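I have placed the structure first, in the form of structure tokens, so that the comments after it can refer back to it.
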Amino acid sequence: MKPLLTLLLSFGALLLLTRPGHAAPRAATDTLLRIAANPAKGFHYPYFLLVPKGAPRNTPTYLLVEPNNTGLLNDTLAVHERAARVAVAGPKATLGRPLAREIGLPLLMPVFPRPAAQPLLYTHALDKDALHATGELARLDEQLLRMIDDAREQLRALQVQAREKVLLNGFSASASFVNRFTVLHPERVRAVAGGGLNGLLLLPLDKIDGTPLPYPLGLADYRQLTGHRLDWQQYRAVPQFFYMGALDENDAAAFDDAYDDTERALIYKYLGQQMQPARWQYCQQVYQQQRINARFKTYSHIGHGTDMLIFNELKAFFLAQL
């Protein structure tokens, strides 16, 4: 009989095959699955699914999703896949893995490319060029939704019942991704956290001083991109936590791969040329004025990075949503 899943146990050589109708045993260690691309299901790239041994079985739980952020341009997908594997299960894992392990949540990380042949296509931040991409790169946000749907099926074979809504976590480019994804798909997000995001959020505004703010700065073209209006009730219901290090000098607004000249001019004119404190504080004020359920924090002791203090606050934030 053809196996339903091939499960690779992280840091181990055991190969476990699960067939339809066979109950999956409770794992003695973390389980790492590599799920191949499945265009028929709506996603053209693979993803990793980490199931910690502490993940609850046969009871509803949440799937934690952290978009991959390779940090470099490369036309070879294997390069991005290796980076994602390390981020999920390697010695230099991102915050997603310890969060998943300590809270006991399954973790999904997509393997989205960041092609060197298209250097302005900042897929890992879900920028404007990424949202307008065509072919296999088209609408990575919707491809991620299909990965989530597929992951819920994969998890059921392990007796893990993931809810339809997910928890999102990101840092730097992946923080911009989850911030923008939440605005695009608030109905699928239970809570979102992101840090090191250049003091710049997608603003829940159509315009500033009569000037339209298109994606990824605002909502001016939201209906054109999504086919519907923003569901404000759903969006305002999503708990959000965004943070910056006071010593962070990593400002993506200055670079062409993150923002084009028109976007940069709007940012500098209306939001602030100085990332901190001007732009960061302005974004916070807009979210507060729009009654968004968002918490903001600036950590005085750190730059573009995280530490145990931040990890513990992220952990508390996500635990509060459970």
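The values are calculated or read from the model by the stated rules, or taken from the named source; none is laboratory data. This one's a predicted model, so the numbers in the text were calculated from it and none came from an experiment. A quick note on method: Cβ atoms are made from the backbone with ideal geometry, for glycine too, and the neighbour counts reach across all protein chains shown. SASA here: full protein model, heavy atoms, side chains in, ligands and nucleic acids out. Shrake-Rupley method; radii C 1.70, N 1.55, O 1.52, S 1.80 Å.
What FRET efficiency do you get for ALA36 and ASP261 if R0 is 45 Å and r is their Cβ-Cβ distance, rounded to the nearest 0.05?
With R0 = 45 Å, the Cβ-Cβ based efficiency is 0.70.
Measure off 7 Å from each Cα along the Cα-to-Cβ vector at GLN321 and THR59, then give the distance between these two points in nanometres to one decimal.
2.0
With a 1.4 Å probe and every protein chain kept in, tell me what percent of the accessible surface of the chain is carbon plus sulfur.
Heavy-atom surface of the chain belonging to carbon and sulfur, 1.4 Å probe: 51 percent.
Counting only heavy atoms of protein chains, what accessible area per residue, in Å², does the chain have with a probe of 1.4 Å?
Averaged over the residues of the chain, the accessible area is 43 Å².
Place a label point 7 angstrom from the Cα of ALA237 along the Cα-to-Cβ direction, then list the residues of segment 181-206 whose backbone nitrogen is under 13 Å away.
Backbone N within reach: 186-191.
By how many degrees, between 0 and 90 and to the nearest 10, does the Cα long axis of helix 173-184 differ from the longest principal axis of the chain?
80
Once you put a point 7 Å from the Cα of ALA117 and another 7 Å from the Cα of ASP206, both along the Cβ direction, what distance in nm separates them?
Between ALA117 and ASP206, the simple spin-label model gives 4.0 nm.
Pairs to check: LYS41/LYS165; LYS41/LYS315; LYS92/LYS128; LYS92/LYS315; LYS53/LYS297; LYS53/LYS165. Give those whose C-alpha atoms are more than 25 Å from each other in this structure.
Too far apart for the 25 Å limit: LYS41/LYS315; LYS92/LYS128; LYS53/LYS297.
With a sphere of radius 13 Å drawn around the Cβ of GLY303, what net charge do the other residues whose Cβ falls strictly inside it have (Lys, Arg +1; Asp, Glu -1)?
With Lys, Arg at +1 and Asp, Glu at -1, the net is -4.
Please compute the modelled spin-label separation between LEU230 and LEU309, points set 7 Å along Cα→Cβ, answer in nm with one decimal.
3.2
Roughly what angle does helix 140-156 make with the longest principal axis of the chain, taking Cα atoms, 0 to 90 degrees, to the nearest 10?
With both axes taken from Cα atoms, the answer is about 30 degrees.
What's the angle, to the nearest 10 degrees (0 to 90), between helix 77-89's Cα axis and the longest principal axis of the chain?
Approximately 80 degrees, to the nearest 10.
Restricting to Cα pairs below 8 Å that are 6+ residues apart, what does the relative contact order work out to for segment 210-275? Please round to a whole percent.
15
Along the charge dipole of the chain, pointing to its positive end and built from +1/-1 on Cβ of Lys, Arg, Asp and Glu, which listed residue (LEU144, VAL160, ASN69) has its Cα farthest out?
Going by the charge dipole, the pick is VAL160.
What whole number of Å gives the distance from the Cα centroid of segment 94-137 to the Cα centroid of segment 187-212?
Centre-to-centre (Cα) distance: 18 Å.
What size of dipole, in debye to the nearest 20, comes out for the chain about its Cα centre when the only charges are +1 on Lys and Arg C-beta atoms and -1 on Asp and Glu C-beta atoms?
With only Lys, Arg, Asp and Glu charged at Cβ, the dipole is about 1320 debye.
For every other residue with a beta carbon closer than 12 angstrom to the beta carbon of GLN274, add +1 if it is Lys or Arg and -1 if Asp or Glu, then tell me the sum.
-1
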